[in-house]
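Note sheet for the following structure.
The values are calculated or read from the model by the stated rules, or taken from the named source; none is laboratory data. Note that the coordinates shown come from a computational prediction; the quantities given were computed from them, not determined experimentally. For neighbour counting, all protein chains shown are included, and Cβ atoms are generated from backbone atoms with ideal geometry for every residue, glycine included.
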Amino acid sequence: MQKLPFYLSRDAHDWLSRLPEKEGEELGFVSSPRYAMTRGDEVIESFDREHYAFVHAKPAVWSDDRSALRFTVGERPFWLMPEILRSLEGRTLEVIRVDIGHVRHSGRFREFLVASPHEERA
């Protein structure tokens, strides 16, 4: 497998290691520009930042249909599509915990996997 073009924080490593496995399928990164949940016309949760989620698919779907490449991220294999690799290049994946509740729904916290500028640590 190839060397990652991005960095991985410790919390992201731990978060990725907890993702469930599904027999016969492998995990791949997908990107989302935002997250929202509504009830009728009311927005009850939202998060307006690009973040990464995961889907299971058969390896042939990743490689043939999505042109994804397989990498070891942390200690597990993941498929990454070329556009996601470009968006992550030189950045650090980290987990942030955010209150996504709106108005009377505040206090609803979720964790999101995001890419941030990479900072060298001494």
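Tabulated values for the structure
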quantity	calculated
Count of residues meeting criterion [surrounded by fewer than 12 Cβ atoms within 10 Å (Cβ to Cβ) and either of a type in the set (G, A, S) or assigned to a strand (DSSP E or B) (or both)] in the range 1-21	2
When residues of the range 22-57 are limited to those that are among the charged types (D, E, K, R) and farther than 21 Å from R110 by Cα, the one surrounded by the most Cβ atoms within 10 Å (Cβ to Cβ)	E26
Those residues of the range 71-102 which are touching a helix residue (DSSP H, G or I) at 6+ places or on another chain (Cβ under 8 Å), at pLDDT below 95 and not in a loop (DSSP other than H, G, I, E, B), in sequence order	V73, R76
So V43, is it without any contact (Cβ under 8 Å) to a residue 40 or more places away in the chain, aliphatic (A, V, I, L, M) and not in a loop (DSSP other than H, G, I, E, B)	no
Residues satisfying the stated conditions in the range 67-113, i.e. among the basic types (K, R), farther than 23 Å from R49 by Cβ and surrounded by 15 or more Cβ atoms within 10 Å (Cβ to Cβ)	R70
Given (1) out of contact with any strand residue (DSSP E or B) (no Cβ under 9 Å at 6 or more places or on another chain); (2) closer than 20 Å to W15 by Cβ, number of the condition E120 does not satisfy	(2)
Positions within the range 27-40 being in a loop (DSSP other than H, G, I, E, B) and either on the phi > 0 side of the Ramachandran plot or in contact with a helix residue (DSSP H, G or I) (Cβ under 8 Å, 6 or more places away or on another chain) (or both), in sequence order	G40
Tally of residues being among the hydroxyl-bearing types (S, T, Y) and within 14 Å of the chain's Cα centre (by Cα) across the range 38-83	1
Single condition E50 does not satisfy, out of (1) acidic (D, E); (2) in contact with a Phe, Trp or Tyr (Cβ under 7 Å, 6 or more places away or on another chain); (3) in contact (Cβ under 8 Å) with a residue 40 or more places away in the chain	(2)
The range 103-122, subset out of contact with any helix residue (DSSP H, G or I) (no Cβ under 8 Å at 6 or more places or on another chain), touching a residue at least 24 places away in the same chain (Cβ under 8 Å) and outside any loop (DSSP other than H, G, I, E, B), residue nearest to E45 (Cα to Cα)	H105
